[in-house]
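Chemist: One structure coming up, written as structure tokens, with questions to follow.
The values are calculated or read from the model by the stated rules, or taken from the named source; none is laboratory data. Remember, predicted model here, so these are calculated numbers, not experimental data. Glycine gets a Cβ as well: all are built from the backbone with ideal geometry, and neighbour counts include every protein chain shown. Only protein heavy atoms, including side chains, enter the accessible area calculation; ligands, DNA and RNA are left aside. Shrake-Rupley method; radii C 1.70, N 1.55, O 1.52, S 1.80 Å.
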Amino acid sequence: MKLRYRPLLILRNVISALLLFATTLSAQEIMVQGKVTDAGSGDPIPFATLLLNGTSVGVTTDFDGNFTLHTSAKADSIIVTSVGYKPRTKAVKPGQQVINFQLEEEIKSLKEVAFVAGENPAFEILRRVVQNKEHNDKRKLSAYEYEVYTKTEVDINQISDKLRKRKTMRKITQVLDSIDRVVGVDGKPILPLSITESTSKFYYRSAPVLKTEMILNTKISGVGFTDGSTVNQVIGSSFQEYNFYQNWLNILAKNFVSPIADGWRIYYDYDLIDSLYVENDYCYRMDFFPRSPAELAFSGTMWITKNEYALKQIDASVEKRANINFIDKIQIQQELTPTTSGAWIPKKNRVLVNVSELSKNSAGLLAKFYSSNKNIVVNQPHESAFYDKLIQVKEDAQAIQSDKFWDSLRHEPLSNTEKNVYKMIDTLKNIPVVKTYTDVFKVVVEGYYNFGKVEVGPYLRSIASNTVEGLRLQLGFRTNVDFSKKMVYSGMLAYGFQDEKLKFSFSTKKILSRKHWTTLNFRVRKDIVRLGVDEEAVRTSPLFIGAAQWGRFHRAYYYREGFASFNREFMRGVSGRVAFRHWTFDPTYAFGFQQNPSDINSPILDQFKTSEVFAEARYAHNEAFIQNGNERISLGTGNWPALTFRYAHGIKGVLGSDFNYDKVLLNIQQRLNMGPLGAAYVSIDGEYIYNDLPYPLLSVHMGNQAPVYSAYTFNLMNYGEFVSDKSVSMHYRQYFEGLIVNRIPLMNRLKWRLIGTANIIYGSLRNSNQALIADSTPNGDPTLKTGFFTPGKPYVELGYGVENIFKFFRVDFVHRLNYLDGSDVRKFGVLLTMQFRL
């Protein structure tokens, strides 16, 4: 019996020995899983390199910062490195283990450039990249579309211990003490303000260039959000779409040069670091950094495929040393995938914007955007009408908010950190001090204080003092979307303690359609205004409007007005308006006009009434809007001009109107991206008036006697100084950014930026209109005359200046070159203004 079972015993011992040997081998192997994240933001760091010390064994993290390393090599530690971060080492041991890394940013001065014999090997690769742009750039496609999942998070970061100890912060100490868990054990604490998610369909067509995004589902959680309609429009992928194949990328209204721009060698230096496989593509890894530290250029790492010379991955950052305000860092990470036609489209994007603290005792702001694209379809364009609106939001986009529903929509599940963010925001929203800070912030930004359904303001116009009214106090209101999504009411009451007159206005707006923005508007008001100040033309400059109510009212008049208009957007970029206006002119200064110049006995009048209708058409190709409650906000037209044509007809006899007349006006506005020269803004106006009229009904060119610079006025022209019945004018502004100052040692640390301006008018006034200007008032007093231009002699003022002084201030030095006669003419002026520009 013993002999019978001996072979089985031997077999059992052999198997046991083999298992013991295999276990011993496994124990000697190193198996590491983990994640690499940013210690400041908690965001994953893609494309980071991990290496076992003393070996050549290593891996790189994927787009979500995850890594897996499995080797039989012997090592006692593992080191992780990534461009822009301090290297970090942790101990490692044989067997399975989880090791996570949080990396801190490393602020370095720009590395020295050493010139050696021969050409930098990166240069030939970059030449090939530029040569193959046409094949690899997604803009070569006739069309593309894809499904998008987008996630946006806004946090408060850089919270100092001193800030934590403030009395106003004590009520949220409990929340602050728990936020370390949001980032991680080794990370820095942040305080979440909002997190939003969306799913959408994005569509692009190249000829003509059109795009649209349909927001299908949204989930919004944040402090201070009372209406999600605006947020719904901006959380899609349209506002985080960056294409490095373009020479210049527009980010936060600034132009940044791409590291693979056609002129790459002018702006960047490069290091060819390695060659490796990224998924199934063999790639060159290349580091890049700007030649000048203050340039609007990136530093980072990119991976270029060996076969197509296409951009496979990129991690690009703009650091604090760049000439851009309030921003510590901008980081863009992309992972691209080829399409069936050869062009590459990003399949994952991550954008981080770190806003610096405004003072030592304040906190910073961190905005993080993530998007994932799938089910990409190319070269199947839709009809042009399909792209009519840039952003379309499905009516029931916020209808379903359950966790199970959103788990089915996400391309990747939420991390534990993001789940904690949702919980913390729900807690913060109910803390009274947080609500107070939110309300104060809205008042500063919008100029109105929100009392629920009604907002009171604007505070910039609540008090003024001038030579006609004396002390002027004003109180205004407007309703918001909580009051009604169809009707908007607004109004104001003002009183001047010197003229002892009550002023008022009341207006209504009915929104007939939001799809093709259509409104019906009515307004009545009684007020005083300076001659030549067109509040509609300068409505986007509230600082100038407020300043114009102060000081000496040299030419001003009281008026009563009734106004009605119908506005409609017919298709994307094409809109129209028809309106009726009746108003009276009652001057506060010595004014008179001849009713009939050919009859010396005709009466001299100093008041009139007029009624007019006008039709206006506007074409702005590719102009995009978002709807903010019951208002629309233009996002600009890119590099396309916006054209506005208006025809006005005065009707004598209607409501006592005194005149018949016809006027035509054409306006062209355009922003010009000029690459290394910065950006230019140009506005050209042409106007022709066919009839003889009192000069307040002609073109009264808008002057500026306030100490505040205005882009919409002639800044050394007095109010009402010049009129014309035919004219062509131009306003030109050139923003050089840091083009010159960035290259001056020591001065470049100030981050000042140079600007140039030019304002020109060619105009004239017919003799028949000159004859209407009376020498005396009906009472026989000498009139306060206005001026007019000599035909062929333009009015010219040129300026230069410096902006970004202490980040908020701008100084303009303006020279008036002609029409210098007169005791009150200003030949030179220094104008100050406050502005918020990045």
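Chemist: Restricting to segment 396-418, give me the number of residues that are surrounded by 12 or more Cβ atoms within 10 Å (Cβ to Cβ) and outside any loop (DSSP other than H, G, I, E, B).
Modeler: The total comes to 5.
Chemist: If only one of 610, 519 is in a strand (DSSP E or B) and under 19 Å from residue 657 (Cβ atoms), which one is it?
Modeler: Every option except 610 fails the conditions.
Chemist: From the set of residues in segment 812-838 that are modelled with pLDDT under 90 and polar (S, T, N, Q), which is nearest to the chain's Cα centre (by Cα)?
Modeler: That would be 835.
Chemist: Out of everything in segment 617-632 that is in a strand (DSSP E or B) and among the aliphatic types (A, V, I, L, M), what residue ends up being least open to solvent (accessible area, probe 1.4 Å)?
Modeler: Here the residue is 620.
Chemist: Give 577, 581 a once-over and let me know the one that is open to solvent by less than 40 Å² (accessible area, probe 1.4 Å) and charged (D, E, K, R). Outline the logic, then answer.
Modeler: Values: 581 fails: open to solvent by less than 40 Å² (accessible area, probe 1.4 Å).
Result: 577 is the single residue among 577, 581 that is open to solvent by less than 40 Å² (accessible area, probe 1.4 Å) and charged (D, E, K, R).
Chemist: In addition: Only one residue in 829, 822 is surrounded by fewer than 19 Cβ atoms within 10 Å (Cβ to Cβ), touching a strand residue (DSSP E or B) at 6+ places or on another chain (Cβ under 7 Å) and among the small types (Gly, Ala, Ser), so which one is that? Even if it seems obvious, please write down each step before you answer.
Modeler: Working: 822 fails: touching a strand residue (DSSP E or B) at 6+ places or on another chain (Cβ under 7 Å).
That would be 829, the only listed residue that is surrounded by fewer than 19 Cβ atoms within 10 Å (Cβ to Cβ), touching a strand residue (DSSP E or B) at 6+ places or on another chain (Cβ under 7 Å) and among the small types (Gly, Ala, Ser).
Chemist: Only one of (1) out of contact with any helix residue (DSSP H, G or I) (no Cβ under 7 Å at 6 or more places or on another chain); (2) assigned to a strand (DSSP E or B) is not met by residue 474, so which one is it?
Modeler: Unmet condition: (1).
Chemist: Something else now. Residues being touching a residue at least 40 places away in the same chain (Cβ under 8 Å), open to solvent by 30 Å² or more (accessible area, probe 1.4 Å) and more than 25 Å from residue 336 (Cβ to Cβ): count how many of those fall in segment 28-77.
Modeler: Qualifying residue count, segment 28-77: 7.
Chemist: Could you please find all residues in segment 751-777 being more than 30 Å from residue 292 (Cβ to Cβ), modelled with pLDDT under 90, assigned to a strand (DSSP E or B) and not hydrophobic (A, V, I, L, M, F, W, C)?
Modeler: Result: 776, single match.
Chemist: Have a look at 598, 683 and point out the one that is assigned to a strand (DSSP E or B) and either within 23 Å of residue 531 (Cα to Cα) or open to solvent by 30 Å² or more (accessible area, probe 1.4 Å) (or both).
Modeler: Values: 598 fails: assigned to a strand (DSSP E or B).
After applying the criteria, what remains is 683.
Chemist: For segment 259-288, which residues satisfy the criterion of being open to solvent by 20 Å² or more (accessible area, probe 1.4 Å) and under 21 Å from residue 327 (Cβ atoms)?
Modeler: Residue satisfying the conditions is 267 alone.
Chemist: Among (1) modelled with pLDDT of 90 or more; (2) within 26 Å of the chain's Cα centre (by Cα), which single condition is residue 155 missing?
Modeler: Of everything listed in (1) modelled with pLDDT of 90 or more; (2) within 26 Å of the chain's Cα centre (by Cα), residue 155 misses just condition (1).
Chemist: Moving on. From the residues in segment 303-324 that are among the hydrophobic types (A, V, I, L, M, F, W, C) and at pLDDT 90 or above, which one is nearest to residue 735 (Cα to Cα)?
Modeler: Going through segment 303-324, the residues among the hydrophobic types (A, V, I, L, M, F, W, C) turn out to be 303-304, 310-311, 314, 316, 318, 322, 324.
Keeping just the survivors that are at pLDDT 90 or above gives 303-304, 310-311, 314, 316.
Numbers: 303: 34, 304: 34, 310: 34, 311: 32, 314: 29, 316: 25 Å.
That would be 316.
Chemist: Could you identify the single residue in 348, 374 that is open to solvent by less than 70 Å² (accessible area, probe 1.4 Å), touching a residue at least 12 places away in the same chain (Cβ under 8 Å) and under 30 Å from residue 207 (Cα atoms)?
Modeler: 348
Chemist: Scanning for something in contact (Cβ under 8 Å) with a residue 24 or more places away in the chain, of a type in the set (Val, Ile, Thr) and open to solvent by 50 Å² or more (accessible area, probe 1.4 Å), does segment 498-521 turn up at least one residue?
Modeler: Checking segment 498-521: not a single residue is in contact (Cβ under 8 Å) with a residue 24 or more places away in the chain, of a type in the set (Val, Ile, Thr) and open to solvent by 50 Å² or more (accessible area, probe 1.4 Å).
Chemist: Let me ask something else. Under 8 Å by Cβ, and 6 or more places apart or on different chains, what pairs join a residue from segment 265-276 that is under 17 Å from residue 47 (Cβ atoms) with one that is open to solvent by 50 Å² or more (accessible area, probe 1.4 Å) and in a helix (DSSP H, G or I)?
Modeler: Filtered contacts from segment 265-276: 272/121.
Chemist: Shifting gears a bit: Could you tell me whether segment 778-789 includes any residue that is among the aromatic types (Phe, Trp, Tyr), modelled with pLDDT under 95, crowded, with 19+ Cβ neighbours inside 10 Å and not in a loop (DSSP other than H, G, I, E, B)?
Modeler: yes
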